[in-house]
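Colleague: Below is the structure I would like to discuss, written out as structure tokens.
Quick note: the coordinates plus some simple rules give every number you see, no bench work behind them. Note that the structure is a prediction, hence the values are computed from the model and not measured.
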Amino acid sequence: MSIVFVLIPLSLGLVIIAICAFLWAVRTGQFDELDAAAWEILVQDRGELPAPPAPAAPAVPAGPAATAGPAAKAGPAATAAKEPR
């Protein structure tokens, strides 16, 4: 039971150190511009950033047969063979 009297102040001390370290990091700007370092390696000239990639266009089916399932393409005989009896 006497170990509790050692562990509680020790844990409180560690919490205080962690809070101080976090406050130091915030005050010195460690969390400003998190993406700048990642982009910096890709940029030749430090003054320019590449444009973000354009979103890809969605694939458009080539007609009504492209939107139908495999059963519609195969015909009614294929669906009759697959149905359980």
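Colleague: Output ³J(HN,Hα) for the stretch 11-24: one whole-Hz value per residue in order, computed from phi by the Karplus curve 6.51 cos²θ - 1.76 cosθ + 1.60 with θ = phi - 60°, and x for Gly and Pro.
Modeller: 5, 5, x, 5, 5, 5, 5, 5, 5, 4, 5, 5, 5, 4
Colleague: Using 0.36 nm times the number of residues separating V26 and A57, minus their current alpha carbon distance, what extension gain do you get?
Modeller: Residue separation times 0.36 nm, minus the Cα-Cα distance, leaves 7.1 nm.
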